[in-house]
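The values are calculated or read from the model by the stated rules, or taken from the named source; none is laboratory data. Please read these numbers as outputs of a predicted model, since none were measured by experiment. As a convention, Cβ positions derive from the backbone with ideal geometry for all residues, glycine included, and neighbour counts pool all protein chains shown.
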Amino acid sequence: MTADSSPSPAVVDALEPYVAPERIARIDGVLNQRLASICAVMEDVFDPHNVAACIRTCEGFGLQDVHSITNQHGHRISSTVSKSADQWVDIHRYDSTQAGVEALRAAGFAIWVSDLQAEKTLDELPVEGRIALVVGNAVDGISDAMREAADQRYILPMHGMVQSYNLSVALAISLQSIVPRRRAQLGVAGDLDPQRRWALRRRWLELSVKNADVMRRVLEAR
Ligand SMILES: C[S@@+](CC[C@H](N)C(=O)[O-])C[C@H]1O[C@@H](n2cnc3c(N)ncnc32)[C@H](O)[C@@H]1O
(Lines give C-alpha, C1' and ligand atoms only; values in the text may rest on other atoms or scores of the structure.)
Protein backbone atom coordinates (compact mmCIF):
# COMPACT_ATOMS: atom_id res chain seq x y z
CA MET A 1 0.00 0.00 0.00
CA THR A 2 1.19 3.52 -0.70
CA ALA A 3 -0.22 6.75 0.75
CA ASP A 4 -0.92 8.24 -2.70
CA SER A 5 -3.53 5.54 -3.46
CA SER A 6 -5.99 7.35 -1.15
CA PRO A 7 -9.50 7.94 -2.40
CA SER A 8 -10.66 11.52 -3.02
CA PRO A 9 -12.01 13.51 -0.02
CA ALA A 10 -15.50 13.63 -1.56
CA VAL A 11 -15.62 9.85 -1.89
CA VAL A 12 -14.49 9.39 1.71
CA ASP A 13 -17.06 11.83 3.02
CA ALA A 14 -19.67 9.73 1.27
CA LEU A 15 -18.25 6.46 2.63
CA GLU A 16 -17.75 7.55 6.26
CA PRO A 17 -21.42 7.11 7.27
CA TYR A 18 -21.07 3.42 6.33
CA VAL A 19 -18.28 2.87 8.87
CA ALA A 20 -19.30 1.94 12.43
CA PRO A 21 -18.42 4.59 15.06
CA GLU A 22 -16.35 1.99 16.97
CA ARG A 23 -14.34 1.32 13.83
CA ILE A 24 -13.74 5.04 13.29
CA ALA A 25 -12.62 5.37 16.92
CA ARG A 26 -10.23 2.45 16.43
CA ILE A 27 -8.78 4.00 13.27
CA ASP A 28 -8.26 7.35 15.01
CA GLY A 29 -6.75 5.64 18.07
CA VAL A 30 -4.25 3.70 15.96
CA LEU A 31 -3.37 6.74 13.85
CA ASN A 32 -2.59 8.65 17.04
CA GLN A 33 0.02 5.99 17.84
CA ARG A 34 1.59 5.77 14.37
CA LEU A 35 5.33 6.52 14.21
CA ALA A 36 6.91 7.87 11.04
CA SER A 37 10.29 8.73 12.57
CA ILE A 38 11.28 5.07 12.91
CA CYS A 39 11.05 2.69 9.99
CA ALA A 40 12.20 -0.82 9.17
CA VAL A 41 14.26 -2.00 6.23
CA MET A 42 14.49 -5.61 4.98
CA GLU A 43 17.59 -6.14 2.89
CA ASP A 44 17.14 -8.90 0.33
CA VAL A 45 14.68 -10.84 2.47
CA PHE A 46 13.33 -13.35 -0.02
CA ASP A 47 11.20 -15.68 2.12
CA PRO A 48 7.61 -14.36 1.88
CA HIS A 49 6.87 -15.68 5.38
CA ASN A 50 9.73 -13.67 6.87
CA VAL A 51 8.69 -10.60 4.88
CA ALA A 52 5.14 -10.97 6.18
CA ALA A 53 6.32 -11.55 9.77
CA CYS A 54 8.43 -8.36 9.64
CA ILE A 55 5.53 -6.32 8.25
CA ARG A 56 3.18 -7.68 10.90
CA THR A 57 5.71 -6.88 13.61
CA CYS A 58 6.19 -3.32 12.34
CA GLU A 59 2.45 -2.73 12.15
CA GLY A 60 2.01 -4.02 15.68
CA PHE A 61 4.63 -1.64 17.03
CA GLY A 62 2.93 1.26 15.26
CA LEU A 63 5.43 1.86 12.45
CA GLN A 64 3.95 3.21 9.24
CA ASP A 65 6.82 2.58 6.82
CA VAL A 66 8.51 -0.65 5.83
CA HIS A 67 11.23 -0.61 3.18
CA SER A 68 12.08 -3.68 1.14
CA ILE A 69 15.34 -3.86 -0.79
CA THR A 70 15.79 -6.74 -3.20
CA ASN A 71 19.19 -7.10 -4.81
CA GLN A 72 18.56 -10.61 -6.12
CA HIS A 73 15.03 -11.67 -5.22
CA GLY A 74 11.50 -10.41 -5.91
CA HIS A 75 9.17 -8.82 -3.33
CA ARG A 76 6.69 -11.40 -2.08
CA ILE A 77 4.52 -11.36 1.05
CA SER A 78 2.71 -14.33 2.61
CA SER A 79 -0.82 -13.13 3.37
CA THR A 80 -1.45 -15.95 5.84
CA VAL A 81 1.44 -14.73 7.97
CA SER A 82 0.94 -10.99 7.48
CA LYS A 83 -2.73 -11.17 8.60
CA SER A 84 -3.32 -8.26 6.22
CA ALA A 85 -0.89 -6.04 8.14
CA ASP A 86 0.45 -4.92 4.75
CA GLN A 87 -2.84 -3.07 4.15
CA TRP A 88 -2.18 -0.71 7.03
CA VAL A 89 1.46 0.21 6.39
CA ASP A 90 3.31 1.77 3.47
CA ILE A 91 5.74 -0.58 1.77
CA HIS A 92 8.53 1.07 -0.19
CA ARG A 93 10.42 -1.10 -2.65
CA TYR A 94 13.92 -0.70 -4.11
CA ASP A 95 15.90 -2.78 -6.58
CA SER A 96 19.28 -2.25 -4.95
CA THR A 97 20.86 -1.48 -1.62
CA GLN A 98 22.25 1.75 -3.06
CA ALA A 99 18.80 2.94 -4.19
CA GLY A 100 17.30 2.11 -0.79
CA VAL A 101 20.08 3.82 1.13
CA GLU A 102 19.86 6.95 -1.04
CA ALA A 103 16.09 7.19 -0.57
CA LEU A 104 16.35 6.72 3.19
CA ARG A 105 19.10 9.33 3.48
CA ALA A 106 17.10 11.77 1.34
CA ALA A 107 14.20 11.29 3.78
CA GLY A 108 16.53 12.15 6.67
CA PHE A 109 16.94 8.68 8.17
CA ALA A 110 20.07 7.48 9.92
CA ILE A 111 20.77 3.88 9.00
CA TRP A 112 21.06 1.48 11.93
CA VAL A 113 22.01 -2.01 10.88
CA SER A 114 21.46 -5.11 12.99
CA ASP A 115 24.55 -7.15 12.33
CA LEU A 116 26.07 -10.25 13.86
CA GLN A 117 29.51 -8.73 13.21
CA ALA A 118 28.79 -5.57 15.24
CA GLU A 119 30.19 -4.88 18.69
CA LYS A 120 27.86 -2.27 20.17
CA THR A 121 24.49 -3.27 21.55
CA LEU A 122 21.35 -1.37 20.67
CA ASP A 123 20.80 -0.21 24.23
CA GLU A 124 24.12 1.68 24.04
CA LEU A 125 22.93 3.82 21.12
CA PRO A 126 21.15 7.14 21.75
CA VAL A 127 17.77 7.29 20.02
CA GLU A 128 18.02 10.61 18.14
CA GLY A 129 16.43 11.80 14.90
CA ARG A 130 14.84 9.63 12.25
CA ILE A 131 16.04 6.03 12.37
CA ALA A 132 15.84 3.23 9.79
CA LEU A 133 16.42 -0.20 11.35
CA VAL A 134 17.84 -2.69 8.88
CA VAL A 135 17.67 -6.49 9.01
CA GLY A 136 19.44 -8.79 6.59
CA ASN A 137 18.33 -12.03 5.03
CA ALA A 138 18.43 -15.43 6.69
CA VAL A 139 21.29 -16.83 4.62
CA ASP A 140 23.75 -14.03 3.88
CA GLY A 141 22.80 -11.51 6.56
CA ILE A 142 23.70 -7.90 5.85
CA SER A 143 25.52 -6.99 2.62
CA ASP A 144 28.90 -5.29 2.65
CA ALA A 145 27.33 -2.31 0.88
CA MET A 146 24.78 -1.91 3.67
CA ARG A 147 27.47 -2.38 6.28
CA GLU A 148 29.46 0.44 4.72
CA ALA A 149 26.40 2.69 4.50
CA ALA A 150 25.49 2.14 8.16
CA ASP A 151 25.56 5.08 10.58
CA GLN A 152 25.36 2.56 13.39
CA ARG A 153 25.72 -1.19 13.60
CA TYR A 154 24.54 -3.16 16.58
CA ILE A 155 24.36 -6.69 17.85
CA LEU A 156 21.58 -8.19 19.91
CA PRO A 157 23.28 -10.24 22.62
CA MET A 158 22.49 -13.96 22.54
CA HIS A 159 22.95 -16.48 25.32
CA GLY A 160 22.16 -19.81 23.69
CA MET A 161 23.85 -22.25 21.37
CA VAL A 162 22.45 -20.81 18.12
CA GLN A 163 24.21 -17.82 16.60
CA SER A 164 21.36 -15.66 15.33
CA TYR A 165 17.69 -14.83 15.79
CA ASN A 166 15.16 -15.21 13.03
CA LEU A 167 15.22 -11.83 11.28
CA SER A 168 11.65 -10.90 12.25
CA VAL A 169 12.51 -11.70 15.86
CA ALA A 170 15.67 -9.56 15.61
CA LEU A 171 13.49 -6.76 14.27
CA ALA A 172 10.98 -7.16 17.11
CA ILE A 173 13.70 -7.11 19.77
CA SER A 174 15.19 -4.00 18.14
CA LEU A 175 11.84 -2.23 18.04
CA GLN A 176 11.15 -3.16 21.65
CA SER A 177 14.37 -1.36 22.55
CA ILE A 178 13.93 1.83 20.57
CA VAL A 179 10.19 2.44 20.08
CA PRO A 180 9.40 3.00 23.79
CA ARG A 181 12.41 5.33 24.02
CA ARG A 182 11.16 7.36 21.04
CA ARG A 183 7.64 7.53 22.48
CA ALA A 184 9.04 8.69 25.83
CA GLN A 185 10.99 11.45 24.03
CA LEU A 186 7.93 12.56 22.08
CA GLY A 187 5.71 12.55 25.15
CA VAL A 188 2.98 11.09 22.92
CA ALA A 189 2.67 7.76 21.17
CA GLY A 190 2.69 8.92 17.54
CA ASP A 191 4.31 11.48 15.26
CA LEU A 192 2.50 11.43 11.91
CA ASP A 193 2.28 14.87 10.37
CA PRO A 194 -1.32 16.11 9.97
CA GLN A 195 -1.36 15.84 6.17
CA ARG A 196 -0.19 12.25 6.17
CA ARG A 197 -2.51 11.36 9.01
CA TRP A 198 -5.43 12.73 7.03
CA ALA A 199 -4.46 10.80 3.90
CA LEU A 200 -4.10 7.57 5.87
CA ARG A 201 -7.40 8.10 7.63
CA ARG A 202 -9.12 8.37 4.27
CA ARG A 203 -7.43 5.21 3.02
CA TRP A 204 -8.22 3.25 6.18
CA LEU A 205 -11.86 4.34 6.15
CA GLU A 206 -12.14 3.06 2.62
CA LEU A 207 -10.55 -0.23 3.68
CA SER A 208 -13.21 -0.49 6.38
CA VAL A 209 -16.23 -0.29 4.06
CA LYS A 210 -17.49 -3.51 2.50
CA ASN A 211 -17.55 -3.31 -1.30
CA ALA A 212 -15.89 0.10 -1.07
CA ASP A 213 -14.37 -0.37 -4.50
CA VAL A 214 -17.82 -0.75 -6.05
CA MET A 215 -19.20 2.21 -4.07
CA ARG A 216 -16.17 4.26 -4.99
CA ARG A 217 -16.67 3.63 -8.70
CA VAL A 218 -20.37 4.56 -8.41
CA LEU A 219 -19.58 7.74 -6.46
CA GLU A 220 -16.79 8.77 -8.80
CA ALA A 221 -19.03 8.25 -11.84
CA ARG A 222 -21.70 10.62 -10.45
C1 LIG B 1 19.17 -15.17 10.52
S2 LIG B 1 20.07 -13.71 10.60
C3 LIG B 1 21.29 -13.91 9.36
C4 LIG B 1 22.31 -14.91 9.66
C5 LIG B 1 23.37 -14.92 8.61
N6 LIG B 1 23.82 -16.27 8.42
C7 LIG B 1 24.53 -14.00 8.99
O8 LIG B 1 25.64 -14.49 9.01
O9 LIG B 1 24.35 -12.82 9.21
C10 LIG B 1 19.05 -12.55 9.77
C11 LIG B 1 19.26 -11.12 10.19
O12 LIG B 1 18.68 -10.90 11.46
C13 LIG B 1 19.46 -9.94 12.18
N14 LIG B 1 19.95 -10.62 13.39
C15 LIG B 1 19.66 -11.86 13.80
N16 LIG B 1 20.23 -12.12 14.98
C17 LIG B 1 20.92 -11.01 15.32
C18 LIG B 1 21.72 -10.64 16.44
N19 LIG B 1 21.93 -11.48 17.45
N20 LIG B 1 22.27 -9.42 16.46
C21 LIG B 1 22.06 -8.54 15.45
N22 LIG B 1 21.31 -8.83 14.36
C23 LIG B 1 20.75 -10.04 14.31
C24 LIG B 1 20.54 -9.47 11.25
O25 LIG B 1 20.10 -8.33 10.54
C26 LIG B 1 20.68 -10.65 10.30
O27 LIG B 1 21.22 -10.25 9.05
What number of residues within the stretch 146-169 are within 17 Å of residue 60 (Cα to Cα) and without any contact (Cβ under 8 Å) to a residue 24 or more places away in the chain? 1
Given the criterion at positive phi and at pLDDT below 95, identify the matching residue among 44, 13, 4. 44
Could you say which residue among 208, 168, 164 is at pLDDT 95 or above and either in the same structural domain as residue 13 (by TED's automatic domain parsing) or under 19 Å from residue 87 (Cα atoms) (or both)? 168
Within the stretch 83-121, track down each residue that is among the aromatic types (Phe, Trp, Tyr) and within 12 Å of the ligand (Cβ to nearest atom). 112
What number of residues within the stretch 146-165 are out of contact with any strand residue (DSSP E or B) (no Cβ under 9 Å at 6 or more places or on another chain) and more than 6 Å from the ligand (Cβ to nearest atom)? 6
Kindly indicate whether any position in the stretch 170-180 is free of Cβ contacts under 8 Å to residues at least 40 places away in the same chain, surrounded by 15 or more Cβ atoms within 10 Å (Cβ to Cβ) and away from the ligand (no atom under 13 Å from the Cβ). no
Pick out the one residue from 199, 221 that is of a type in the set (A, V, I, L, M, F, W, C) and more than 19 Å from residue 31 (Cα to Cα). 221
Within the stretch 187-222, tally of residues that are in contact (Cβ under 8 Å) with a residue 24 or more places away in the chain, in a helix (DSSP H, G or I) and not basic (Lys, Arg): 10
Within the stretch 129-145, restricting to residues that are in contact (Cβ under 8 Å) with a residue 12 or more places away in the chain and away from the ligand (no atom under 11 Å from the Cβ), the one that is nearest to residue 67 (Cα to Cα) is 132
